[in-house]
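Asks: Okay, handing you the structure first.
Only the coordinates and a few stated rules stand behind these numbers; no lab work does. Model, not experiment: these values are computed from the prediction. Every residue, glycine as well, gets a Cβ built from its backbone with ideal geometry; the counts of neighbours run over all protein chains shown.
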């Protein structure tokens with residue numbers, strides 16, 4: 001299955017021929033069903049009709065897959081294997097940005113790199129129906145990769161090296177760059193201006209944010225002018241499907257320009273010695289296909305810090321989507337912000353330590 005790392009319960013499932021007039025709201029909790037959001041109009045009929053507008057004939061089987069940023073469904077096709085249909089969140093990306101994502105995955109697929117690229121149907125990869133933009137993907141099976149295995153990390157490194165060798169050939173023109181501005185200062189402004197932080201924690205939050213962003217800036221200064229390439233951008237275990245043949249990389253929705261290490265550091269876990277051992281395995285495979293600038297290791301904790309900040313802002317920005325309060329009830333509680341302050345204080349200390357050694 002094509003899936004995102006942001007798990008949504010599979011609340012919607014049919015089998016058999018089309019079930020007409022069954023509305024999306026009937027499958028949702030009452031609190032969600034009463035709200036209004038653009039995705040409210042993405043009914044089962046709309047999903048099936050959208051697929052058939054591409055020339056494929058749906059057989060009525062419909063299953064919601066794990067995704068929050070977009071809406072993603074496995075849809076049965078008559079006399080063929082099921083496909084996965086991704087409906088893009090309205091107004092998030094421009095058509096040009098989506099098509100750059102598609103072109104990148106098609107470029108990787110042409111090099112026989114195991115990515116799940118959109119199908120070309122009626123001469124296009126991006127389609128429109130019912131006010132939504134969508135793409136159709138082949139269904140890909142697989143399991144969660146075991147990043148605690150040295151051979152798994154080496155194989156991941158080899159394929160990421162191949163992805164980055166292709167990613168370095170040219171630049172995105174319509175997709176953003178991962179940097180202090182887009183993952184640090186802009187998310188901080190969104191959280192501050194929206195008054196998301198409880199009043200009694202705002203002073204502590206503002207102080208820790210200042211120190212965290214200053215620490216991240218020093219990490220970027222120590223790294224120097226590192227190369228920025230086209231990345232997967234969100235390469236965690238949830239976006240990798242493992243088979244006996246190795247990894248299959250899915251969900252390039254967050255693909256953007258940035259340092260190569262962004263696609264590597266999320267493979268590492270545990271204490272420093274464990275992370276360094278894991279990094280050696282990843283780079284042993286990676287360097288078979290691409291060079292790695294070790295100065296980028298100065299960025300690991302800075303990128304981790306920026307991801308924490310960006311994630312909080314992402315939740316806040318999507319809070320009007322009824323799927324988010326239902327799935328993240330702990331967000332915006334007193335405890336949530338207390339934990340984030342402590343987490344960022346830990347990151348401030350880690351950013352002052354020497355980088356991992358390769």
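Asks: Take the alpha carbon gyration tensor of region 77-222, find the square roots of its eigenvalues, order them as a ≥ b ≥ c, and report rounded if a/c is under 1.5; if not, report prolate when a/b exceeds b/c, else oblate.
Replies: Working: a/c = 2.08, a/b = 1.50, b/c = 1.39.
It is prolate, given that a/c is not under 1.5 and a/b is the larger ratio.
Asks: With runs of 4+ DSSP H residues as the only contributors, calculate the mean residue ellipticity of the chain at 222 nm using -39,500 (n - 2.57) per run, divided by the residue total and rounded to the nearest 500. Intermediate results must be reported in sequence, preceding the final value.
Replies: On the way: 10 runs with 133 residues, N = 358.
Helix-only estimate at 222 nm: -12000 deg cm²/dmol.
Asks: I would also like to ask the following. Please work out the C-alpha center-to-center distance from region 65-79 to region 238-257 and express it in whole Å.
Replies: Between the Cα centre of region 65-79 and that of region 238-257, the gap is 17 Å.
Asks: Measuring from centroid to centroid over Cα atoms, what is the spacing of region 116-174 and region 86-110 in Å?
Replies: 10
Asks: Is the shape of the chain rounded, prolate or oblate, going by the alpha carbon gyration tensor and its root eigenvalues a ≥ b ≥ c, with a/c under 1.5 for rounded and a/b larger than b/c for prolate? Can you show the working numbers first?
Replies: Numbers: a/c = 1.98, a/b = 1.28, b/c = 1.55.
Oblate shape, in that a/c is at least 1.5 and b/c is the bigger or equal ratio.
Asks: Which FRET efficiency value, to the nearest 0.05, do you get for residue 243 and residue 217 by plugging their Cβ-Cβ distance into 1/(1 + (r/R0)^6) with R0 = 30 Å? Could you put the intermediate results ahead of the total?
Replies: Values: r = 41 Å, r/R0 = 1.37.
So the FRET efficiency works out to roughly 0.15.
Asks: How long are the semi-axes of the equivalent ellipsoid of region 150-351, taking √(5λ) for every eigenvalue λ of the Cα gyration tensor, in whole Å from largest down?
Replies: On the way: eigenvalues 182, 72, 57 Å².
So the equivalent ellipsoid measures 30, 19, 17 Å along its semi-axes.
Asks: What per residue convex hull volume, in Å³, comes out for region 35-133 when only alpha-carbon positions are used? If you can, show how the numbers build up before the last one.
Replies: Working: hull volume 11.4 nm³, N = 99.
Expressed per residue, the convex hull around the Cα atoms of region 35-133 is 115 Å³.
Asks: For residue 41 and residue 333 in one chain, what is 0.36 nm times their gap in residues minus the Cα-Cα distance, to one decimal in nm? Show your work: numbers first, answer last.
Replies: Numbers: separation 292, 0.36 × 292 = 105.12 nm, distance 3.01 nm.
Contour length minus Cα-Cα distance gives 102.1 nm.
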